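Here the structure comes first, spelled out in structure tokens, and everything after it is commentary.
Only the coordinates and a few stated rules stand behind these numbers; no lab work does. This structure is a prediction, so every number in the text was calculated from the model and none was measured. Please note: Cβ atoms are built from the backbone with ideal geometry, for glycine as well, and neighbour counts cover all protein chains shown.
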Amino acid sequence: MKTNEGGLDRILRIVAGLALIGLTLNGNIGVWGWVGVVPLATGALGWCPLYSLLGLNSCPIKSKG
């Protein structure tokens, strides 16, 4: 897997994922809030499968591998 997410992209994904999960645990939003696991995981890994399919890359540094 090549890194295809830049620093700001990763931070925003992690914050959004944690916010959705937190709101779900708080009871403010329904079960669909568990979808926050997806941006949290992609932000933590630095790799987004959708970006790969679409040929997008927000990472300013070319990764090796």
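Okay, here's what the table says:
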quantity: Residue count, the range 1-33 (criterion: surrounded by 14 or more Cβ atoms within 10 Å (Cβ to Cβ), part of a helix (DSSP H, G or I) and over 11 Å from the mean Cα position of the chain (by Cα)); calculated: 6
quantity: Filtered residues of the range 34-50 (kept if within 11 Å of the chain's Cα centre (by Cα), assigned to a helix (DSSP H, G or I) and not β-branched (Val, Ile, Thr)); calculated: GLY36, PRO39, LEU40, ALA41, GLY43, ALA44, LEU45, PRO49, LEU50
